[in-house]
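Below is one structure, written out as structure tokens; comments come after it.
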Amino acid sequence: MLIDNIKSFFEAGAVGVGMGSSLLHKELIKAKDFEGLAAHFSSIKAEIQLFISN
């Protein structure tokens, strides 16, 4: 799961992470569900916010 992977990097001391194909939801793109894709991006951003400070 994406969040578990991200969490393990931050717990190990990383100050940032890179994302590849997990950022893009292929089924949403295929269906041209741009609202769903925006929600997908927002949920990833919310998950990452748990581990970073401003």
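Computed quantities for the displayed model
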{"read-out": "Net +/- balance of residues flanking residue 6 in space, Cβ distance below 14 Å, scoring K and R +1, D and E -1", "value": "-1"}
{"read-out": "Apportionment of accessible area to carbon and sulfur, the chain, percent (1.4 Å)", "value": "58"}
{"read-out": "Partners for residue 7 among aspartates and glutamates (Cα-Cα distance below 12 Å; same-chain residues under 8 apart left out)", "value": "47"}
{"read-out": "Dipole in debye (nearest 20) - the chain, about Cα centre, beta carbon charges: Lys, Arg +1; Asp, Glu -1", "value": "140"}
{"read-out": "Fraction of alpha-carbon pairs over 18 Å apart in the chain - percent", "value": "36"}
{"read-out": "Helical contribution to [θ] at 222 nm, DSSP H n ≥ 4, -39,500 (n - 2.57), averaged over the chain, rounded to 500", "value": "-17000 deg cm²/dmol"}
{"read-out": "Probe 1.4 Å, accessible area per residue of the chain, Å²", "value": "79"}
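The values are calculated or read from the model by the stated rules, or taken from the named source; none is laboratory data. As the structure is a computational prediction, the values presented were derived from the model and not from experiment. Virtual Cβ from ideal backbone geometry, glycine too; neighbours counted across all protein chains shown. The area values use the complete protein model at the heavy-atom level, side chains included, leaving out ligands, DNA and RNA. Shrake-Rupley method; radii C 1.70, N 1.55, O 1.52, S 1.80 Å.
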